[in-house]
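Data first, discussion second: the structure below is written as structure tokens.
The values are calculated or read from the model by the stated rules, or taken from the named source; none is laboratory data. Remember, predicted model here, so these are calculated numbers, not experimental data. Here the Cβ positions follow ideal geometry from the backbone for every residue, glycine too, while neighbour counts run over all protein chains shown. Heads up: the accessible areas ignore ligands, DNA and RNA and are worked out on the full protein's heavy atoms, side chains in. Shrake-Rupley method; radii C 1.70, N 1.55, O 1.52, S 1.80 Å.
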Amino acid sequence: MIPIKSERDLKVMRKACSIAATVLDRLCGIAREGVSTIDIDSAAREIMAEYSCRSACYRYRAGDLRYPGYVCISVNDEVIHGIGSDRALKSGDIVSMDVSVVYQGFVGDNTRTVLIGDVAPETRKLVEATDAALHRGIAQARAGNRVGDISAAIQSYVEPFGYGIVEEFTGHGVGRHMHEEPQIPNFGTAGRGPLLRAGMTLAIEPMITMGSPEIFVGDDGWTVRTSDGKPSCHIEHTVLVTDADPEILTVPMPY
Ligand code: MF3
Ligand code: CO
């Protein structure tokens with residue numbers, strides 16, 4: 001069952017998503033050369049408290065493990081679920097920050113990848129293509145379409161670049177829980193999969209690699225990395241399916 005949000009749910013969901021986007025926006029302003037990733041994580045904890053929300057990641061369970069950070073911070077060959085550490089960011093790095101918050105019982109989920117200092121042109125291109133692919137996917141999040149339309153739009157955009165698409169992790173429905181139905185793979189066939197209806201809220205999140213799509217989970221039990229050590233990019237929005245155009249909910253508040 002894919003949850004359909006009521007107008008009342010959406011009022012809170014919109015707020016949760018705009019808070020998630022605002023927290024992410026502020027973290028993007030903090031990430032620069034010399035800053036260590038644990039400082040970004042600590043800032044996230046403080047900013048979340050300012051907005052009366054909590055991290056949906058902190059102590060998130062996977063088997064016997066609990067995620068120890070407040071945001072996922074993944075650098076270069078780290079694809080997703082990186083953990084803040086004393087690693088200092090340096091020129092040429094790309095850093096994905098995945099912010100998911102719970103506000104009054106609803107989750108907002110979004111991710112951006114930022115460039116630190118001078119980033120190699122081919123890496124920049126990877127980030128731009130991932131962002132464009134996300135927006136191609138979002139454009140298909142329309143009532144009457146199917147999940148496969150989103151997946152196929154992302155796949156058909158990135159494949160001509162020769163990039164890899166991570167298959168083991170997907171986008172997802174989001175609302176009262178961080179992960180709801182449906183799963184939204186970043187590859188697939190148009191016209192297939194669950195039907196989209198107005199009131200569904202979806203986290204669409206391509207994870208795109210410069211080289212091979214093969215990944216592994218590091219020794220910390222969380223950090224997902226590319227097997228070939230090449231860079232990877234992850235960008236995500238939470239989107240509302242409507243009877244008209246898709247609405248991106250993870251838009252920062254003006255401040
Ligand atoms: N926010 C991530 C997502 O997009 C999930 C975070 S997993 C955690 O699905 F381990 F960090 F909690
Ligand atoms: Co997500």
Looking across the range 56-83 at residues that are more than 24 Å from Thr130 (Cβ to Cβ) and not aromatic (Phe, Trp, Tyr), the single one that is farthest from ligand 1 (Cβ to nearest atom) is Asp64
Quiz item: Is it the case that some residue within the range 158-176 is open to solvent by less than 40 Å² (accessible area, probe 1.4 Å), hydroxyl-bearing (Ser, Thr, Tyr) and within 16 Å of ligand 1 (Cβ to nearest atom)?
Solution: yes
Those residues of the range 140-156 which are surrounded by 24 or more Cβ atoms within 10 Å (Cβ to Cβ) and polar (S, T, N, Q) amount to Ser151
For the range 1-24, the count of residues that are open to solvent by less than 40 Å² (accessible area, probe 1.4 Å), in a helix (DSSP H, G or I) and not polar (S, T, N, Q) equals 11
Filtering strands (runs of 3 or more DSSP E) wholly in the range 143-210 for at least 2 residues that are within 16 Å of ligand 2 (Cβ to nearest atom) and under 20 Å from Met1 (Cβ atoms) gives 171-173, 180-184, 201-204
Counting only residues that are farther than 15 Å from Val239 by Cα and in contact with a strand residue (DSSP E or B) (Cβ under 9 Å, 6 or more places away or on another chain), the range 129-153 contains a total of 3
